[in-house]
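First the structure, in the form of structure tokens, and then the observations on it.
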Number of protein chains: 2
Amino acid sequence: MSAIRLDGIAIGQQIRAGLRAPVAEFTRQAGRAPGLSLVLVGDDPGSHLYVSSKLRSAGDSGLDAEIHRLPGDTPIDELLRLVDRLNRDERCDGILVQSPLPTQMGADAERRVFDAIDPAKDVDGFHPTNVGKLVQGRADLVACTPSGVIEILERSGIRIAGASAVVIGRSDIVGKPMALLLLHRHATVTICHSRTRDLASVAREADILVAALGRPAFVTTDFVKPGATVIDVGTTPVSDAELVAGWFEPGHKRRDAFERRGSLVMGDVHPGVEAVAGALTPVPGGVGPLTIAMLLKNTVTAAMNRLNGIGL
Amino acid sequence: MSAIRLDGIAIGQQIRAGLRAPVAEFTRQAGRAPGLSLVLVGDDPGSHLYVSSKLRSAGDSGLDAEIHRLPGDTPIDELLRLVDRLNRDERCDGILVQSPLPTQMGADAERRVFDAIDPAKDVDGFHPTNVGKLVQGRADLVACTPSGVIEILERSGIRIAGASAVVIGRSDIVGKPMALLLLHRHATVTICHSRTRDLASVAREADILVAALGRPAFVTTDFVKPGATVIDVGTTPVSDAELVAGWFEPGHKRRDAFERRGSLVMGDVHPGVEAVAGALTPVPGGVGPLTIAMLLKNTVTAAMNRLNGIGL
């Protein structure tokens with residue numbers, strides 16, 4: 001027995017295909033394409049790669065995307081001034097400031113910057129007003145990763161209403177909004193974390209198990225009820241050959257890839273779970289592509305709302 | 001065996017006693033008492049009683065409280081203008097618009113009015129910005145009933161961290177904020193509702209069970225693990241003598257009171273649970289008094305924040 005693999009690449013393409021008509025309609029009505037401003041501070045190679053990928057995807061979908069690159073020693077006030085300028089820029093519909101910000105900006109820099117973004121342009125869904133509206137079941141702009149997980153479940157025909165869902169991880173950007181989105185779709189939702197007693201047995205109650213704790217291969221077969229749907233949100237870079245050898249047999253394509261590159265991105269779910277779960281998102285190619293697709297969708301939503309005068 | 005009764009009246013008094021020093025300090029610094037504006041629209045007798053009780057409690061705690069009474073046929077725009085005036089009133093630190101609003105104001109009237117209240121004066125904790133900050137673990141003004149439940153648990157020495165908590169009910173003003181507050185205190189939290197399969201067996205896993213669904217005596221002994229702490233948020237007026245006779249033996253003081261008055265306020269928890277639970281909040285005298293105490297506490301917090309220039 002082997003789990004059905006839920007193909008995030010294909011589902012992400014479906015969503016992007018669905019954006020063509022609204023992008024064309026917006027462009028016709030507004031006389032310009034929906035505008036997405038990406039802000040990248042410093043030289044983190046992962047962030048560079050990720051922002052470039054967002055820029056390319058946005059361009060492919062007919063959005064007018066731009067990157068603002070700031071050096072790593074930029075004072076936070078300068079970043080806040082840029083955000084303020086983008087808030088007032090009529091051609092900018094969505095603002096994304098890539099995290100993490102450089103540590104020199106201070107411990108609360110991300111919070112200050114996310115709070116400064118106009119909620120109507122907050123395509124990451126991190127502004128407290130949008131988070132509050134999410135709780136109240138009326139948010140237009142919802143954090144991309146959890147809303148992408150909902151798309152995977154719904155487009156794969158996995159029943160959420162009445163299901164028992166367990167979310168492992170309670171972050172502001174994945175775990176908590178994930179729990180709320182599942183709750184609003186009538187799942188019975190349990191949120192687990194590092195302080196949960198007997199985590200495996202709680203997880204084993206789940207029809208839908210979302211692993212979002214950022215610990216590679218943490219979720220082993222004893223966490224999974226046979227036939228459950230397992231969503232793997234983890235993406236931890238791993239360069240320890242011994243760990244990788246423990247997860248993948250010689251000749252497994254991921255072990256081969258590791259041996260060529262010296263690192264791989266590992267999910268929170270142990271490869272052995274594939275033999276127990278009913279359906280499973282792979283890493284890579286599962287939740288990741290949805291995060292970008294939902295960013296584009298949020299940008300189009302924000303643009304349409306601004307055009308129609310629906311704002312905050 | 002009989003559950004310890006968690007005395008909400010005594011705990012509410014503790015909280016109000018703790019407000020004396022900050023109220024005096026604010027009054028000394030500001031040259032006036034913290035100001036609470038209560039707004040009551042229409043003639044609902046329950047709302048009248050409730051607002052009068054809030055006014056009296058606020059006065060007893062040294063706050064400067066006032067009631068704005070508007071007739072039931074007031075247009076919503078007039079109510080919104082009053083809110084706007086209170087938002088700009090320097091002497092007003094907290095605004096509470098009593099729900100329910102008259103149906104003639106429209107289905108979304110409460111949402112529109114709560115959204116219009118300055119988040120810095122939102123002593124009910126209903127504004128989306130305050131709800132979002134609650135999700136992010138940094139709210140000053142949190143909905144009064146769930147934050148009152150936390151006070152009961154903490155002041156009664158009931159351990160939340162590591163506990164399994166089950167919340168029955170997923171309303172915006174009780175169930176969802178309750179789940180978040182328990183989660184932030186490191187409980188493993190499950191939210192149940194009308195679509196939950198085998199609700200009793202899910203509830204029976206709880207060390208802390210919060211019943212907030214508004215169905216009198218719904219939570220029976222088979223929902224409760226022996227020794228669990230049971231918090232009863234329900235307050236449903238009941239005037240059906242047969243129902244009451246099914247819950248309380250002849251001679252029980254609540255049945256006597258019903259026979260005198262022709263109605264009683266019933267919680268969500270069946271009286272039989274007292275024999276199974278380890279600790280239990282009564283109705284009345286459990287969560288109710290905390291709701292008012294937390295409203296006063298929120299008003300003092302809002303006043304202090306405004307005095308110190310901590311706003312939104």
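Quick check on region B:32-42. Is at least one of its residues of a type in the set (V, I, T), out of contact with any Pro (no Cβ under 7 Å at 6 or more places or on another chain) and more than 21 Å from B:L290 (Cα to Cα)? Looking through region B:32-42, none of the residues is of a type in the set (V, I, T), out of contact with any Pro (no Cβ under 7 Å at 6 or more places or on another chain) and more than 21 Å from B:L290 (Cα to Cα). Inspect region B:148-167 for any residue being out of contact with any strand residue (DSSP E or B) (no Cβ under 9 Å at 6 or more places or on another chain), within 19 Å of A:Q136 (Cβ to Cβ), more than 9 Å from every other protein chain (Cβ to nearest Cβ) and surrounded by fewer than 24 Cβ atoms within 10 Å (Cβ to Cβ) and give the result as yes or no. No; the residues of region B:148-167 include none that is out of contact with any strand residue (DSSP E or B) (no Cβ under 9 Å at 6 or more places or on another chain), within 19 Å of A:Q136 (Cβ to Cβ), more than 9 Å from every other protein chain (Cβ to nearest Cβ) and surrounded by fewer than 24 Cβ atoms within 10 Å (Cβ to Cβ). Of the residues B:V265, B:V287, B:V233, the single one that is in contact with a helix residue (DSSP H, G or I) (Cβ under 9 Å, 6 or more places away or on another chain), surrounded by fewer than 21 Cβ atoms within 10 Å (Cβ to Cβ) and closer than 18 Å to B:I9 by Cα is B:V265.
Among the residues examined, B:I95 qualifies as within 18 Å of the chain's Cα centre (by Cα), over 30 Å from B:S263 (Cα atoms) and surrounded by 13 or more Cβ atoms within 10 Å (Cβ to Cβ). Inside region A:72-121, residues that are outside any helix (DSSP H, G or I), within 22 Å of A:I310 (Cβ to Cβ) and small (G, A, S) make up a count of 1. Could you say which residue among A:A206, A:A277, A:A257 is on the phi < 0 side of the Ramachandran plot and either part of a helix (DSSP H, G or I) or assigned by TED's automatic domain parsing to the domain that holds A:P45 (or both)? Criteria check complete, one pass: A:A257.
Each row is one residue, and each column tells you yes or no for (1) within 13 Å of the chain's Cα centre (by Cα); (2) over 30 Å from A:T236 (Cα atoms).
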residue: A:A275; (1), (2): no, no
residue: A:G278; (1), (2): no, no
residue: A:V287; (1), (2): yes, no
residue: A:A303; (1), (2): no, yes
residue: A:N308; (1), (2): no, yes
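Looking at (1) in a loop (DSSP other than H, G, I, E, B); (2) at the interface with chain B (Cβ under 10 Å from one of its Cβ atoms); (3) basic (K, R); (4) closer than 23 Å to A:V219 by Cα, which is the only condition A:R138 fails? A:R138 satisfies all of (1) in a loop (DSSP other than H, G, I, E, B); (2) at the interface with chain B (Cβ under 10 Å from one of its Cβ atoms); (3) basic (K, R); (4) closer than 23 Å to A:V219 by Cα except (4). Taking the condition at pLDDT 95 or above, among the acidic types (D, E) and in contact with a strand residue (DSSP E or B) (Cβ under 7 Å, 6 or more places away or on another chain), does A:D60 pass? Spelling it out, it is not the case that A:D60 is at pLDDT 95 or above, among the acidic types (D, E) and in contact with a strand residue (DSSP E or B) (Cβ under 7 Å, 6 or more places away or on another chain). Listed conditions (1) in a loop (DSSP other than H, G, I, E, B); (2) over 18 Å from B:A203 (Cα atoms); (3) touching a Gly at 6+ places or on another chain (Cβ under 9 Å) are all met by B:S171, apart from (2).
Would you check which residues across region A:185-203 are surrounded by fewer than 18 Cβ atoms within 10 Å (Cβ to Cβ) and more than 7 Å from chain B (Cβ to nearest Cβ) and list them? Of everything in region A:185-203, those that are surrounded by fewer than 18 Cβ atoms within 10 Å (Cβ to Cβ) and more than 7 Å from chain B (Cβ to nearest Cβ) turn out to be A:S194, A:D198, A:A200, A:S201.
The values are calculated or read from the model by the stated rules, or taken from the named source; none is laboratory data. Computed from a prediction, not measured in an experiment: that's the story for all the values here. In this analysis, Cβ positions are derived from the backbone assuming ideal geometry, glycine residues included, and neighbour counts consider all displayed protein chains.
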